[in-house]
Amino acid sequence: MDIPSIFQRAYYTAPILVQNVLFSALCAAQDRKRYSHHYKEKFDWLLETEWWDKDRIKAYQIQKTNEIIKHASRNVPFYKELYGLHGISSRQIQNLTELKDFPIISKENARASMQEMYALTASRKTITTRTSGTTGSPLVIKHSPDSLAFQWALWWRHRHRFGWQRGERFLTVGARVPVHSAQVAPPYWREDILANRTYLSSYHLGERQLPAIIKMLTRKKFPFITGYPSSIAQIAAFMLDNNISLPVAPRLVSTGSDALDANSKRLISEAFKCHVTDQYGMAEFCGNLSSCPQGHYHLDFECCHLEIENGRMIFTGFANPVMPFIRYDIGDAAKSDLITKPCTCGRHSPYILGFDGRSEDYITLRDGRNIMGLNQVLEYAVGVQAIQIVQNDIGSIDVMIVPAHDYNEASTKSALSFEFEKRLGVNAIDINYHLVPSVEKTPSGKIKAVINNIEA
Ligand SMILES: [Zn+2]
């Protein structure tokens, strides 16, 4: 839960106790949308469907794919026009391989046609979120109330696989900023009282802050920890370097929203002495994959169909009629093909072995701190077609902006500068803005939000 800009000043200057109450209230307002009456129904259903057999999974996916194609070609201007051009407006499939006849949508297509991607039938009760920004091109995503509950039910099903029930006490390590960057004394965390959660800012994990954080972990004995793998790995590395272990090990560390690489996984399991699991999701909610105890990423087929073409993941989402994504190239790569033989965990849903090329880079400040998750700052840029942070030397970063038609230089710069300052502090780094015709892409065509050229 980010602090809304209208009362940031009041929030950050309030005593910590008051901040905890305000932060809890903000989180509770957000949780009311996530855990609406749709949530319980979906969650119970998902506990059943995860044991469906292969035939039932396939029949369900074909039915749902046909439903979303039919809905999109009638009610979503973008697909109406696109499928009309391809002469497939009334096409229904008998087999999932027939989806190949439908065009692939790229992130750039979606960004350029965003307004046409919202269903005309959407009610006024839609919920707006932004893309994770990992590709550098911000997208405004609209959810139906039940699709947001569906997504959270999937995420809690993943946790439930490892014995974690909603309501149990946990720690989140995340890139939202309930703690101001200028704060130089602990606590670097805030309490989300109603959710039984402590929220630790991933911007306060420097050598100077970590001893206080370890003390807090020792005192609070969290049974469950979740958050950015790179941030949790940073805590783990510090613990291992200083020969620290917690008196009571957590029962589980569950990561997401940034790639869990083998090195981070090893650091976390060694330092925290517990199982580490991971899940993959996205703001567009056109797909989701969740690890099983074997460490295989099972497709959460209840919400999507996944095709893998030369490593690239192409999702068709069933769960959000307000903004459907059909054959959407998410820009991330899978480490394996989709494996369809049953997993030893007993689930019949297909799975992959992991991901390639999804890790977010960090930037390095003058005081040596490595800052992750700055892709979140880029979400605040409006009127841009693509945006990227490039760091070539320690004292500065370059923000490369490909302007869209509605770009406004003054408002974009002031929004970004405000967000950078909030996270990094005043004058922590020089920020240079550049308008460019295009930003750098990886060989697979992905736009990385942050490129750090310092070590190279
Ligand atoms: Zn499995």
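The values are calculated or read from the model by the stated rules, or taken from the named source; none is laboratory data. Quick caveat: nothing in here was measured; it's all calculated off a predicted structure. Cβ sites come from the backbone with ideal geometry, for glycine too, and all protein chains shown count toward neighbours.
Structure notes:
- Selected residue (criterion: nearest to the ligand (Cβ to nearest atom)) from residues of region 280-302 that are closer than 30 Å to Asp241 by Cα and crowded, with 23+ Cβ neighbours inside 10 Å: Ser291
- Qualifying residue in region 57-76 (condition: over 17 Å from Asn320 (Cα atoms) and among the charged types (D, E, K, R)): yes
- Candidates Arg312, Arg327 - the one that is over 27 Å from Pro223 (Cα atoms), at pLDDT below 95 and not aliphatic (A, V, I, L, M): Arg312
- Single unsatisfied condition, Ser264 versus (1) more than 16 Å from the ligand (Cβ to nearest atom); (2) surrounded by fewer than 24 Cβ atoms within 10 Å (Cβ to Cβ): (2)
- Qualifying residues in region 204-230 (those that are of a type in the set (Gly, Ala, Ser) and under 17 Å from Thr364 (Cα atoms)) - the one surrounded by the fewest Cβ atoms within 10 Å (Cβ to Cβ): Gly206
- Matching option when the condition is at pLDDT below 90 and touching a strand residue (DSSP E or B) at 6+ places or on another chain (Cβ under 9 Å), among Pro223, Pro178, Pro250: Pro178
- Residue satisfying all of: in region 234-250; of a type in the set (Gly, Ala, Ser) and part of a helix (DSSP H, G or I); surrounded by the fewest Cβ atoms within 10 Å (Cβ to Cβ) among these: Ala237
- Among the numbered conditions (1) at negative phi; (2) within 16 Å of the ligand (Cβ to nearest atom); (3) at pLDDT 95 or above; (4) not acidic (Asp, Glu), the only one that Leu353 does not meet is (3).
- Selected residue (only one of Ala259, Ala271 is hydrophobic (A, V, I, L, M, F, W, C), part of a loop (DSSP other than H, G, I, E, B) and at negative phi): Ala259
- Filtering region 370-394 to residues that are surrounded by fewer than 18 Cβ atoms within 10 Å (Cβ to Cβ) and modelled with pLDDT of 90 or more leaves Asn392, Asp393.
- Filter pass, Lys64 being at pLDDT 95 or above and either under 30 Å from Thr316 (Cβ atoms) or part of a helix (DSSP H, G or I) (or both): yes
- Evaluating Gln391 against the criteria (1) more than 23 Å from Gly206 (Cβ to Cβ); (2) not in a helix (DSSP H, G or I) leaves one unmet condition, (1).
- Subset of region 1-51 that is of a type in the set (S, T, N, Q) and assigned to a helix (DSSP H, G or I) - its residue that is farthest from Arg161 (Cα to Cα): Thr13
- Verdict on Ser336 being in contact with a helix residue (DSSP H, G or I) (Cβ under 7 Å, 6 or more places away or on another chain), small (Gly, Ala, Ser) and under 30 Å from Lys64 (Cα atoms): no
- Of all the residues in region 285-308, those that are on the phi < 0 side of the Ramachandran plot, in contact with a helix residue (DSSP H, G or I) (Cβ under 8 Å, 6 or more places away or on another chain) and assigned to a loop (DSSP other than H, G, I, E, B) number 4.
Residue by residue, here is whether (1) in a loop (DSSP other than H, G, I, E, B); (2) over 30 Å from Lys33 (Cβ atoms) holds:
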{"position": "Gly84", "(1), (2)": "no, yes"}
{"position": "Ser89", "(1), (2)": "yes, yes"}
{"position": "Gln92", "(1), (2)": "yes, yes"}
{"position": "Thr97", "(1), (2)": "no, yes"}
{"position": "Lys100", "(1), (2)": "no, yes"}
{"position": "Asn109", "(1), (2)": "no, no"}
{"position": "Glu116", "(1), (2)": "no, no"}
{"position": "Thr121", "(1), (2)": "yes, no"}
{"position": "Thr128", "(1), (2)": "no, no"}
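- Scanning region 309-334 for residues that are more than 19 Å from the chain's Cα centre (by Cα), assigned to a loop (DSSP other than H, G, I, E, B) and not hydrophobic (A, V, I, L, M, F, W, C) gives Asn310, Gly311, Pro321, Arg327.
- Given (1) away from the ligand (no atom under 16 Å from the Cβ); (2) in contact with a strand residue (DSSP E or B) (Cβ under 8 Å, 6 or more places away or on another chain); (3) not assigned by TED's automatic domain parsing to the domain that holds Met114, number of the condition Val276 does not satisfy: (1)
- Across region 323-354, the number of residues qualifying as out of contact with any Phe, Trp or Tyr (no Cβ under 8 Å at 6 or more places or on another chain), of a type outside the set (Ser, Thr, Tyr) and surrounded by fewer than 20 Cβ atoms within 10 Å (Cβ to Cβ) comes to 4.
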